Every structure is written in C-alpha cells, then in structure tokens.
Amino acid sequence: MNKNLRQIFTVVVIMFVILGCSTTVFTAFRANELNADPRNRRALYYQFGAPRGSILSSDGTVLAKSDPSNDAFSYQRSYSNGQEYAPVTGFFSISQNADRGIEASRAALLSGTASALAVQKFKALLTGTENKGASIETSINTKLQDVAYQALSNQGYDGAVVAIVPKTGRIVAMVSTPSYDPNVLAQHDTVKVNNAYAALTSDATNPMLNRATSELYPPGSTFKTVVAAAALESGKYQADTQIPAGSAYTLPNTATQLTNATTAANGTNGQISLSDAMAYSSNTAFAQLGVALGEDAIAEQAKKLGFGQSITVDGSTSTGNPMKAVASTFPSNLPADKLALAAIGQGDTLETPLQNAMIAAAIANGGTLMQPTLVDRVRASDLSTISETKPVVMSQAMSSNTASALTGMMENVVSKESPTLAINGVQVAAKTGTAQIGTDNQSNDAWVMGFAPADNPKIAVAVVIHNVNAFGVTAAGPVMKQVMEEALKQ
C-alpha cells in the first residue's frame, strides 16, 4: 500500500471512529435527554404511537386508558370521571410534562419502556407486534372515592379527604377539590393543550394541586392526639391523670390569654383528666401539657408518626417520577408561648391530610404505622403480574397500650362531645379540630380524623375543609361519617 492510500485509509478509519463515537453518545449516553427534549417530535410520536397502559381502580374500573386515534398520533389518552380521579391519575400530554399522579410515578411501566417489561418488549420485536404498556391497578375504592368527592364538590369546598386501611396502609380514597379534568390536557392539539394548561396553572383556586399530599394546613385540635401520645409514652401520664386546665391560660411571658370553646373543657377547680381534656378538646389543658412535656418529647413523637420527612406514596426513580407527600412539620427552637400554641395545632405546626390519616391509622393499628401505598399491582399486557405491593411497616410509632388508651379517649370525643359523628351499631373513634387562619383569625380550617369500628378498625379517615366559617365537627365531620358508613357496608 503506497503512502497516499495509507493516508486515505487512516482518514477513513478516523472518520468511522468519530462517527461511531458520536452515534454512541447520542443513542446511549444522551438518549434520555433527547427523548425528554420537548422539541423532539419523534419522541412524542413514539410515545403516542403505542398503547399506553391503563390505570384501574381496585374493582377494575378503568380510570385512564388509550384508544386508537385517526390522526398523526396513533392513540388518544382518556380519563373517566377525570376531575374526581385527577389527584390519583395525574395527566398525560403531548406538550406538558406528566409531573404528577400515577401517569408520572409509573410512567416507564405505562409506556412499556421499563426494564421489568424487557421480555415483553423482546417478544413484540420478534413477532412484529405493538409493545403495549403495563396496566396499573390502584388501591382506590370507587365507592369511597365517589362518596368523598361528592361530599366535597357538592358543597363547593376547598379541601381534601384521605382514607386508609390501617392494617395495610392501602389508600382507598384520595380526593382533592377543586380539581381539574385531565382530558383537556390529553388533546392532540398543542395550542389547545397549552392554553388549557396556562389557564389551570394561573387559576387562583389552584385546581391542579393535590391538597391531600401537597398542601400543609394547621391541624388545630387534631394534633392533640400526637401530644396525648407523647404524654402517655413518657410513662408519667395515664388516661385518668389529672392535668392543669382552667377557663383561661396566659401564654408564658405574654399577656395573651388562651381560652376554651366549652365550659366542660375548663375542668373542675383548674384540673381535668387527660381523657376528658381530649374529649372536650381543652386548649388550656393541652397548651400547659405541651409546655410540661417539652418540645423534644412532642417532636420525637411527631417524627415517629411521619413528621419531618417527605413520604413516598407511589413509585420510584426506576418507574418514573415518584409521587411524594410534602413533609408535615412541628416547629423547633420554640419559646414557651409558641410551644403552647404548637401543642394545640396552631402556630407553625403544619400537616397534610395524608399525615393526619396516617396518625389515625397508626392509633387504629395498635401503634404500628404502615407505609401508605396507592398501587396494589402491575400487570403486563398478557395479564401476568409484574409486581404486587406488600404491606410495609414504616415505624412503631407508639406502644399498643398507648394506642389502646388513645382509642378510648377518641371514642369519648364522639360519645361526650361530638355525637353527630356516631354511627348506629358501631363505635367510632375520632378527633375534631378547628384551626384559626387568615387576618385576625377570621376564618377556619375545619378538620376531623378518626377510624371505625374502634374495636376492629377497617378504615381510617382524615378530612380538611379550608377557609370556612365553621367548626371541624360541623363541616368536616359529616364528610368523614359518610365515607366511614360506605366503607362499613363493604
């Protein structure tokens, strides 16, 4: 080979090496980046060119599915009862990133690209058939979801409901209102989708926010369950222990007086039993109890129940963008007056509705807090099971003795102070709460949390109604009762 041929050969080899390296960079190392680039129309056609898996309720009701489409995109995503189930499903769109709900948390499985579907993908390649996405079977009970959604939406409430099976952590209802219809974001007209998305995100009512997991509220007197648990766990208090109460309590180092909503909450001669303090929701008793226990004891109990951490509800980084609840918070480095307020669920104590449902579920489950879950199982298109969710203990939040004592105290809440929460033939354990909010505390966040039957819990529920001129027992109470009654029919 003469010199010129060798030089040409060398140049050709170098060019092939460069071409090979660049191709490798694009097809391997930058594949995810390029697929995620909104300018990449090929990625869009690929995603919509194959049937995305369905999202189902626990009874098989189809919440989201893909149907053949006679346009540039081969399949059209559709959602049944979109507004009701939007906090669960999320949305899938040609121009907006699916960043919430199961459409995001199980994106790789729904699209058929997850490693768990490698065998199925290989079979599709060999046979020349479509590679279909997996179906996601959620734990949502459609009857409970219907009852909860109608109870909130019919009243025009801004609020949320979460219902959990205490022994397993399965979320059987998760409602947030006001809501939005994912179908408007699933259209194949980019302009219409972008306009709809802009309208939703600029809406002052924030309909795309999942209030059950992504909004924090002052929990009001429902937080007294946490403080009572801390007191019982300390070994220094029993349900019948007399604690300081009174008709008024001056917050330490201030001139501010804290009072009670009812005379029964004052106790007798400045004293009240811990059980009656819970039943009558004595602010003066729990404020003083909080100061006596100290910040560390309450914070530690709150942490065992899930405070201070973002709680994963569904998915992982291998399946998509995990669905997580924002961390509920109990404040730190508090002066005594702020600690007294925090102990009655005011001040800077903040919770998600999911967190409050988890507290109720932990008490119902003998003190054992279960990891909340939203998906029961995942099936391939041939109906074979890819994965099935098993119950996982999140923490031993309190002793069984403490949980039993709290259950009795919460039963007294219903029998002594809130009889409207009672269900015929069933013992209900509950705690109401009314957190003052807004300028000069002129409005309320109305709460209730509880479980039933108290002696063999099947369902734990938390409800919050935001910004109402009503108490927890009157606004949120009927919603919880309706959900419980429906659950107990099944």
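Extension gain for the segment Ser153 to Gln490, taken as residue separation times 0.36 nm less the Cα-Cα distance, is 119.0 nm to one decimal. From the alpha carbon centroid of region 362-409 to that of region 59-93 is 29 Å. Net charge of the neighbourhood of Ala336, taken over other residues with C-beta under 15 Å away and scored Lys/Arg +1, Asp/Glu -1, is -3. Working from Cα pairs under 8 Å separated by at least six residues, relative contact order for region 305-404 is 24 percent.
Taken one residue at a time, the phi angles of region 181-196 give Karplus couplings (6.51, -1.76, 1.60, θ = phi - 60°) of 9, x, 4, 5, 9, 9, 5, 9, 9, 4, 4, 5, 5, 4, 5, 5 Hz. Gly and Pro are set to x. Across region 181-329 the C-alpha pair distances fall into 10 Å bins from zero in the proportions 10, 27, 24, 16, 13, 9, 2, 0 percent. Between Lys167 and Asn401, the contour length at 0.36 nm per residue exceeds the Cα-Cα span by 82.5 nm. The local environment of Phe91, defined by Cβ-Cβ distances under 10 Å, has a net charge of -1 under the rule Lys, Arg +1 and Asp, Glu -1. Computed about its Cα centre, the charge dipole of the chain is approximately 1760 debye, with only Lys, Arg, Asp and Glu carrying charge at their Cβ. Each label was represented as a point 7 Å from its Cα along the Cα-to-Cβ direction; for Thr201 and Ile423 these points are 4.1 nm apart.
Rounded to whole Å, the principal axis extents of the Cα atoms in the chain read 110, 52, 41, largest first. Per-residue extension of 0.36 nm, minus the Cα-Cα distance of Ala264 and Ser387, leaves a gain of 39.0 nm for this segment.
In this structure, the amide hydrogen of Ala470, modeled 1.01 Å from its nitrogen in the peptide plane, lies closer than 5 angstrom to those of Asn444, counting only residues at least 5 positions away or on a different chain. Add +1 for every Lys or Arg and -1 for every Asp or Glu among the other residues with Cβ under 15 Å from the Cβ of Gly347, and state the total. Within the 15 Å Cβ shell, the charges total -3.
Values quoted throughout were computed directly from the atomic coordinates according to the rules given, and no laboratory measurement underlies them. All of these numbers come straight from a predicted model, not from anything done at the bench. Glycine also receives a Cβ, built like all others from the backbone with ideal geometry; neighbour counts cover every protein chain displayed.
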